[in-house]
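A short write-up of the structure that comes next.
The values are calculated or read from the model by the stated rules, or taken from the named source; none is laboratory data. These figures come from a predicted structure and were not determined experimentally. Counting neighbours? That spans all protein chains shown, and the Cβs are built from the backbone with ideal geometry, glycine included.
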Amino acid sequence: MARNYIIIPEVLNQMIVEDALNCAKVVLEGKAPVLEGFRANPNCMNQYGYFPLHEAAERFSVDMIKLLLHHGALTNLRTAGDLVIEGLLPLHVAVEDTCLHKYLQDNLLPNQEHPNHPTKEDANFVYKIIYLLCLPEMKIFLNTTRLLSEHTNNLVEEVWNYIKDGKLLQTAVLLLAAQAHIRVIDGFSTIITRIAEESTTIKFEISQDEKEKLDLEAKCQHLLSALLLVQIINKAGNALDLCIQRRKEVPQTKVLERVSQILNGCGFFPTGGVIRIGSLCPYEWSPLPGDELPKEDGGCRCVCILLPRGETPHLCRAYKSARRFERECTWNNFFPYWRSVLAYRYPCKFFPAHAQDDVSCLPNFDHIHNSGSKSFGKPSSPVPKGKPCSLPSTISQVTSMHQSRRLFGTVALTILKVLKNA
């Protein structure tokens, strides 16, 4: 646990992975006699180039994020290094991973592209995003983003960066989750002004090239869609947020009816049939943990394991409370962790049987060769904003990860004994 009287970052990171809230609290406080006054540093970068808050954001653990913030974790630290996408804030991790929610992936266009001259289609796309984000299954994802946004600097700038980059879905997630904080700093007026200025600038640009003309038209249309989105959240954001927080076990049709009432009451009139309720379904698997990694040798640098249906690769084999069980089930059922923005660090990637089609979508893989229940491939294209990961050469090296698990188990047992005797 300690190396040169410093609690190593990997231990705290593993506690966050396991959602071991009590253990993390003990090492962050450093009051246990066995720690001899030393405590874990919540702002220490681990070997993969990210910080504890990044891991907690990926796990959508609101309680762990609150604990880290209480002990001085900084929300404005960015990822860095060759093993991770560089420049990500914990807020970015929460927003980007929320956009991987199965409902959003299945019901929205993958690349958020629209026809060159869509008017009605673009408006329907914006309304569809609003409807999907207000479903009860999105609650813990939005709550994570909301908590991080309250402690992140230059929040309006982050929203504007998403708009400039053409990321309408990310913009919607951040606006809806952080709308209360943005309203306090009068951020909506600033964003609307920037959209108007950017639209005016684009309209005065003249190009003889047909492709460039189409690009300019697409940018203008995107800004119009972003403007509609900002106006909706500005006027109806409070009511929509109350709808999200209060709806838990309500049928999806009732939620959509309530959202339509809110939008109509604020002067927005979405057309019917925006979302097909029948297409909304979670991933087909059990929340129970799977077995350990297979111990076979291979000559490839990166390993993918296709898990049988019903198995998941989570490390913890016991759920200690209903709260954690609910969060783990939600995380498993709706979030494709095998494609998260921090997944590049894993020397071994896990794919449930139903997700085999997603293997070829990973940036680190050019092709995948299936062999039984395992699949192997070599890194091809570089990680966005970073370099290719340096990964182990054999599966036997991958299994060395389990040594850290055993280390964590020993440490956790010691801490639990301290808590019991306290």
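Filtering segment 218-240 for residues that are in contact with a Pro (Cβ under 8 Å, 6 or more places away or on another chain) and at pLDDT below 95 leaves a non-empty set.
THR152 fulfils the conditions (1) farther than 19 Å from ASN234 by Cβ; (2) part of a helix (DSSP H, G or I); (3) of a type in the set (Ser, Thr, Tyr) except for a single criterion, (2). Taken across segment 186-193, residues that are hydroxyl-bearing (Ser, Thr, Tyr), in contact with a helix residue (DSSP H, G or I) (Cβ under 9 Å, 6 or more places away or on another chain), crowded, with 17+ Cβ neighbours inside 10 Å and more than 20 Å from VAL62 (Cβ to Cβ) do not occur at all. When LEU216 is tested against (1) more than 18 Å from GLN170 (Cβ to Cβ); (2) buried (at least 17 other Cβ atoms within 10 Å of the Cβ), exactly one condition is not met: (2).
Return yes or no: is ARG78 without any contact (Cβ under 8 Å) to a residue 12 or more places away in the chain and outside the structural domain of ALA343 (by TED's automatic domain parsing)?
yes
Applying the criterion of being in contact with a Ser or Thr (Cβ under 8 Å, 6 or more places away or on another chain) and assigned to a loop (DSSP other than H, G, I, E, B) to the residues of segment 18-50, the residue that is farthest from LEU147 (Cα to Cα) is GLY49.
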